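Participant: Dropping the structure in here first, questions after.
The values are calculated or read from the model by the stated rules, or taken from the named source; none is laboratory data. Being a predicted model, the structure only gives us computed values, none of them experimental. FYI the Cβ positions are ideal-geometry reconstructions off the backbone, even for glycines, and counts take in every protein chain you see. Each accessible area value is taken on the protein alone, full model and side chains, heavy atoms only, with ligands, DNA and RNA left out. Shrake-Rupley method; radii C 1.70, N 1.55, O 1.52, S 1.80 Å.
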Amino acid sequence: MDLSAPIESVKGVGPKTAEVLRRVNLRTIGDLVYCLPRVYENYQTTVKIADLRPGKVVIRGKISDLRLVRTSRKRLTITQGVIRDDTGAIRTLWFNQPYRAKQFDEKREYYFTGTYEFKSGRYQLTSPSAALVQDVEQDSAAGFQPIYSAKSVIKPQTFHKLMDGLRPDFAKIPDLLPLTDGAPKFITKGARAEALYNSHFPESPEDAEKGREYLAYEELFELILAAKLNKQENQRLKSIPLKFEAKFIQAIVQHLPFKLTGAQRRATWEILQDLERGTPMNRLLQGDVGSGKTIVAALAAAQTTRYGYQTALLAPTAILATQHFESLGELFSMLGGALQRQGVSWRMPRIALLTGSTRDKRQLKKLIEQGEIDFVVGTHALLTDDTHFHALAFCIIDEQHRFGVGQRQKLLLKSPENTAPHLLSMTATPIPRSLQLTVFGDLDVSLLNELPPGRQPIVTKILPEVEQRDELYPAMRELLAKGQQIYWICQVIEEKNANTATPVIEQAKKLAKLFPKIKVDMLHGKMKPDEKDAIMTCFAAGKIQILVSTTVVEVGVNVPNANMIVIQDAEGYGLAQLHQLRGRVGRGDQPASCYLLTTGDGKPSRRLREMEKSTDGFHLAEIDLKIRGPGEIYGSQQHGELNLQVANLTDTQLIAQASHHASEFVKHPENLQNYPELATRIKKYQQLTTLN
Ligand code: ADP
Ligand code: MG
């Protein structure tokens, strides 16, 4: 079977069907064969409606009362209906599947498979898949059926027919994975053909599982191999070697206002070693909020400027860029003076800030191009085509998960011709080990797994909003009396006609009334960058006591005197975001607290309970990965295309096996020529993982 043959060559696919299939990216036979079932229905486990228990269920019955409801919010459509069997009736509904309203024949019986749950005050069957009882019974493998999900563009029966047409050819599907050193035992000749067959035409749940396991392995192997090849390619590029001058760095470290933690020392050492090489560094500095990543980057930048090369630091918001600019400026001038007194020759880096609201951008860009600036801190404004550097050797990307692959790449292209800059990405979003080996496999990682001494754990508390008066306000008063500051985060719903500033303005009014002697101010997305910076500067300087804000303060901002954060409507945020927000406090040596306000009277979600229990970002990330899956976490922004079909990034054993296999394989990268299909398939992953 030629997997690259166009979809029209499948029996039963005419030009019209082909067009429809192409619309959902099914272009070749291979695409079709790899369009794997989402789940398998096990009709042998049908339950009577009267006996239903919450969870995944299969029922058999007739459906009626179908109706389509459009809601105004988010242009959601809901299709409702009622399913009956001889023991009772239940409500069912689908979201955004309007065709469901016309799909059914009310006189015929169907199997419905979905989640039976309690929602909005009653029990319902949510988004069930459906199959005609008659169709299921005609099929030889009755009782155990694959369900294809995304293909709502064509009828399930038609899709099954196409697959059935291909069935005799499955045995001829060629092998894909190399049977080279390090391959696990289940990679044998014909394993791929068998796995695909088992996935589409299983006779038992065990068949399906065996198929899934092989295909998951295949997917992981491709992803990991792509990352490893990227790493090799990166090693073929040239960069400017910056010699590690231990004496110089030691002199700086001696004059820092604090003692570096062990983790900071290790990370700095790793980075400085990388910078010495003639091949570009591609390193991720990973450390929980408040672990002190900035100083590590600053040391490496100091080393870079010592040799007359330029450094660029890219930050996701103007507030954060401004803060970096100011604190780095202060640090360098302090160090400059101290080193001079000690007789160490070092010209202080000339540092500049480039954001959207920078006044004379053209003049500044000219200075950057002429090499009059050593260290540029900026936002996206740095990435424009008219920003040229004189000799850019080192790029730092703060909060790297905030940037897309394309944006990072733009910055890297600004180095002198025929060289690539050294890249240090920083993130507080912990990347679980499984992702480190796969999606981020081409990165080296330095870990700051230690907080600076003296930090006190942040006490976190879930609090129903109705209890604010008795519990929260007194705590706020007490903290304000000590001269400390508070963040108050409001949930803002991005809706078309709603003014996103309203909740912030109203909350600020309310708090100003409650605390008449206290300066309350606000920060929200409707403000101009200048205004935001001004407010943030005032807050950092202690001129504002309570800052009511949207999540714009979420990343990176550092105000060590702010020791309480109140997050309103906390249920509306993801775990990673809550952890980031909480990381705004507890950055000094005072005890800090975080209140998670909830409005409902139900039990708080698992997310909030985990927040209450743990302040360990790594632990929370693992939990998040389990609750939401990697697609969501590393989703739209940087890995929108990372749509693993089969594999599960929590499948650590398979990941370890695939990683070993791929490592052996890339020892001889020229081998790839013998696997042309594999080479083509991993191209897409290579683009995805490159320059993480
Ligand atoms: P993050 O890793 O979240 O970016 P920062 O680099 O902003 O953290 O550092 C947080 C705060 O901790 C800053 O005020 C910084 O000066 C301080 N800091 C960093 N390293 C140390 C250290 N070793 N000892 C004490 N304070 C430190
Ligand atoms: Mg930071």
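Participant: Do any trypsin sites (Lys or Arg not before Pro) in the stretch 84-124 lie in a DSSP loop with no more than 10 other beta carbon atoms within 10 Å, and if so, which?
Facilitator: Lys107
Participant: Could you rank Met281, Met348 by how accessible they are, 1.4 Å probe, largest area first?
Facilitator: The ordering from most to least exposed comes out as Met348, Met281.
Participant: Counting only protein heavy atoms and a 1.4 Å probe, tell me what percentage of the chain's accessible area is made up of carbon and sulfur. Provide the component values of the computation, followed by the final result.
Facilitator: On the way: 16130 of 32330 Å².
Carbon plus sulfur share of accessible area: 50 percent.
Participant: To continue, here is another question. Got the relative contact order for the stretch 433-548 handy, in percent, Cα pairs under 8 Å and 6 or more residues apart?
Facilitator: Values: 78 pairs, mean separation 27.3, N = 116.
With pairs under 8 Å counted, the relative contact order is 24 percent.
Participant: How long is the stretch 1-93 along each principal axis, judged by its Cα atoms, biggest number first, in Å?
Facilitator: 50, 40, 22
Participant: Just in the stretch 150-209: which trypsin sites (Lys or Arg not before Pro) are loop by DSSP and have at most 10 other Cβ atoms within 10 Å?
Facilitator: Lys185, Lys189
Participant: Considering amide H positions built from the backbone, and no H for Pro or chain starts, which residues 5 or more places from Leu463, or on another chain, come under 5 Å of its amide H?
Facilitator: Distant-sequence amide H within range of Leu463: Leu596, Leu597, Thr598.
Participant: If I model the stretch 183-329 as equal point scatterers sitting on the Cα atoms and use the Debye formula, what is log10 I(q)/I(0) at q = 0.10, 0.12, 0.13, 0.14 Å⁻¹?
Facilitator: After summing over all Cα pairs, the log10 values are -0.58, -0.69, -0.74, -0.79.
Participant: Which order do you get for Asp589, Asp470, Asp175 if you rank them by accessible area with a 1.4 Å probe, largest at the top?
Facilitator: Details: Asp589 100, Asp470 125, Asp175 70 Å².
In descending accessible area the options line up as Asp470, Asp589, Asp175.
Participant: If you don't mind, there's one more thing I want to ask. Which whole-number percent gives the relative contact order of the stretch 315-448, counting Cα pairs below 8 Å spaced six or more residues apart?
Facilitator: So the answer I get is 22 percent.
Participant: One-quarter of the Cα convex hull surface for the stretch 252-305, in nm²?
Facilitator: On the way: hull surface 15.9 nm².
That works out to 4.0 nm².
Participant: Quick one: what do you get for the stretch 392-538 if you divide its Cα Rg by 2.2 N^0.38 Å?
Facilitator: Details: Rg = 21.5 Å, N = 147, 2.2 N^0.38 = 14.7 Å.
Ratio of Cα Rg to 2.2 N^0.38 Å: 1.46.
Participant: Please work out the Cα convex hull volume for the stretch 186-268 and give it in Å³ per residue. Can you show the working numbers first?
Facilitator: Values: hull volume 16.0 nm³, N = 83.
Expressed per residue, the convex hull around the Cα atoms of the stretch 186-268 is 193 Å³.
Participant: If you don't mind, another one. Could you pull the accessible area for Asp51 with a 1.4 Å probe, rounded to 10 Å²?
Facilitator: 90
Participant: For the chain, what does the relative contact order come out to in percent, with C-alpha contacts under 8 Å and a separation of six or more?
Facilitator: Across the chain, relative contact order equals 14 percent.
Participant: Over the Cα atoms of the stretch 458-598, compute the convex hull volume and normalise it per residue, giving Å³.
Facilitator: For the stretch 458-598, the hull spanned by Cα atoms encloses 107 Å³ per residue.
Participant: Could you tell me the extents of the stretch 314-371's C-alpha atoms along the three principal axes, largest first, rounded to whole Å?
Facilitator: Computed over the stretch 314-371, the largest-to-smallest principal extents equal 39, 26, 16 Å.
Participant: Cα convex hull of the stretch 314-410: how many Å³ per residue?
Facilitator: With only Cα atoms used, the stretch 314-410 gives 104 Å³ per residue.
Participant: Rounded to two decimal places and with Rh computed the Kirkwood way over Cα pairs, what is Rg over Rh for the stretch 146-202? Please report the intermediate quantities before stating the final value.
Facilitator: Working: Rg = 14.3 Å, Rh = 13.1 Å.
Across the stretch 146-202, the Cα-based Rg/Rh ratio is 1.09.
Participant: Among Lys366/Lys414; Lys238/Lys410; Lys119/Lys155; Lys259/Lys293; Lys361/Lys528; Lys56/Lys155, which pairs are too far apart, with a Cα-Cα distance over 20 Å?
Facilitator: In this structure, Lys119/Lys155; Lys56/Lys155 lie more than 20 Å apart at Cα.
Participant: At 0.36 nm per residue, and after removing the present C-alpha to C-alpha distance, how many nm does the segment from Thr188 to Ser605 gain when stretched out fully?
Facilitator: Values: separation 417, 0.36 × 417 = 150.12 nm, distance 4.52 nm.
Computed gain between Thr188 and Ser605 is 145.6 nm.
Participant: Let me ask something else about it. Where does the stretch 387-477 land on Rg/Rh, using Cα atoms and the Kirkwood Rh? Before the final figure, lay out each step's value.
Facilitator: Numbers: Rg = 20.9 Å, Rh = 17.5 Å.
Ratio of gyration radius to Kirkwood radius for the stretch 387-477: 1.20.
Participant: A follow-up question, please. How much of the calculated P(r) for the stretch 53-124 lies past 20 Å, in percent of all Cα pairs?
Facilitator: 29
Participant: Provide the solvent-accessible area of Thr551, counting protein heavy atoms only and rolling a 1.4 Å probe, rounded to the nearest 10 Å².
Facilitator: Its heavy atoms expose roughly 40 Å² to the probe.
Participant: Determine the order of His422, His255 by accessible area, beginning with the largest, at a probe radius of 1.4 Å.
Facilitator: Working: His422 0, His255 55 Å².
If we order His422, His255 from most to least accessible, we get His255, His422.
Participant: Could you work out the Kirkwood radius for the chain, taking every pair of different alpha carbons, averaging 1/r and inverting it, reported in Å?
Facilitator: 28.7
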